[in-house]
Amino acid sequence: MAPAPVSPAFDRGGISRWVARYSPWAIDAQWVSFGRLYFARLLGQCIGVGLTILSARMLHPEGRGDFVAVSTGSALGVQALNLGLSSSLVVLFSRRPMRIARYRRHLVWLAVAWASALMTVVALALPFGHGVVAYWWPAWALWVPLQLLGLYQGAALLALQDSKALVRIELLGRFAGLILGTAALMWFRSSVPPFLAAVIAADALVAVLGAVHLARVSRGRVSRARRARLFFGAALRMGLRAYAPLVLLFLLVKSDILVLRALRGAAETGVYSVASQFVDFALILPTSIGALLLPAVVRAPSPTAEMLRVLRPAGLLTGSMALGMLVFGHGAIVLLFGRAFEGAYPALLLLLPGFACLALSSLIGQYFASRGFPFFLSSYWLLGFATNLSLNLLLIPRFGLMAAAASSSVAYALVFGLLLRRFLQDRAREAAR
């Protein structure tokens, strides 16, 4: 078998050229990029877990609860204010990469505009606010725009398929968070505000590194304000089509934990969260592949063929990971978390079919993203969320965490079936032309 061709966009080092030339499996350099980004994100997650353990021990339950509330509020704010731009910018930048040089500075101004708007809300509402929302709103006003800027710059790097820069910036940000967070906990005697400031400073470092790198790799004249308004108007129109699927996907994945916490209490939710954490770790692989796959699908002469080229081996990897969790999951749960969390293993078994469906759905979703986020995507994710929520409300009061796991798998399988059916229809029409 002849060696797979090496794409110049990915051929950035001697190792990738050697692998592409001599590997008996004909692994092209694109999969080297997939692997690089996957292991970097896996390492980043491990660093994050280390910081989570350290902060939980030093902040104690009350302080840790405050920080989790702020970070969750920030994540919801990012989901609400992103408006799908991070996804639409990947598509538009992938179609014409020279746009990155024209509009990269406008990405910073967009984040500044969000920060100004949120600070204005702080100034107007703070005198009338009370409780935790009023206390932490200034932190959200700074943290949310920084994370949005990171998403915008990440979209540009994904469009360039610059996996090395993505890896470097993400890992530097994680290490900075670990070092600054640990220093804040040690120096300020386990106080939440300094720890939060350290984590926000790490995200600020990520934004600065992203801006510096984009300035170096995408040189060109910045477009005037009028052209920028036209471009971002088009990005917003496309992004709003992606907005609903992204928000509904977030709700679909997280709603079971919220309902379980409300109906069965904290202890059972804690056990279930361990099973959910295993699935989250396993999903790093398909999401990393999908992040780098979108530009290739956008530019491919046959998008469905390009999608299938990656989908088949990705499906085998997903199945292998599910088998690994099936075989080693019980021992890993007991070893890492103790016998008190042993009940997470049966829930993990029920989540495994859902994990496989959700992983493959995230990949097929990149194909539909390349088509501009058609409206039916929103209806599919809405149907999945409604199914999951209905089953959770109906079954969790009686069956607890097992119902949460089974309901999630049913909902994920439903969405995957709908996406696969539509993709195969497109594949048949493309083959007929």
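Remark: CYS357, CYS46 ranked as CYS46, CYS357, counting other beta-carbon atoms within 10 Å and listing the fewest first.
Among the trypsin sites (Lys or Arg not before Pro) in the stretch 162-243, those placed in a DSSP loop whose Cβ has at most 15 other Cβ atoms within 10 Å are ARG189, ARG219, ARG221, ARG224.
Using 0.36 nm per residue of separation minus the Cα-Cα distance, give me the extension gain between ARG189 and ALA75 in nm, one decimal. Could the numbers behind the result be given before it?
Values: separation 114, 0.36 × 114 = 41.04 nm, distance 2.65 nm.
Net length gain for the segment: 38.4 nm.
What is the order of MET58, MET119, fewest Cβ neighbours within 10 Å to most?
Numbers: MET58 18, MET119 15.
Ranking MET58, MET119 by Cβ neighbours within 10 Å, fewest first, gives MET119, MET58.
Counting every other Cβ atom within 10 Å of each residue's Cβ, ILE200, ILE179 order from fewest to most as ILE179, ILE200.
On a full-extension model of 0.36 nm per residue, what is the gain between ALA113 and SER379, subtracting their alpha-carbon distance, rounded to one decimal in nm? Mind showing how you got there, number by number?
Working: separation 266, 0.36 × 266 = 95.76 nm, distance 3.14 nm.
Gain on stretching ALA113 to SER379: 92.6 nm.
Sequence-ordered 3J(HN,Hα) estimates for the stretch 408-418 from the Karplus curve with 6.51, -1.76 and 1.60 and θ = phi - 60° stand at 5, 4, 4, 5, 5, 5, 4, 5, 4, x, 5 Hz, glycine and proline given as x.
Sequentially through the stretch 334-349, phi angles give Karplus couplings (6.51, -1.76, 1.60; θ = phi - 60°) of 5, 5, 7, 10, x, 5, 4, 9, 4, x, 6, 5, x, 5, 4, 4 Hz, Gly and Pro residues having no value and appearing as x.
Each value in this text was obtained by applying a stated rule to the coordinates, not by laboratory testing. Quick caveat: nothing in here was measured; it's all calculated off a predicted structure. Ideal geometry is used to build each Cβ from the backbone, glycine not excepted, and the neighbour counts take in all protein chains shown.
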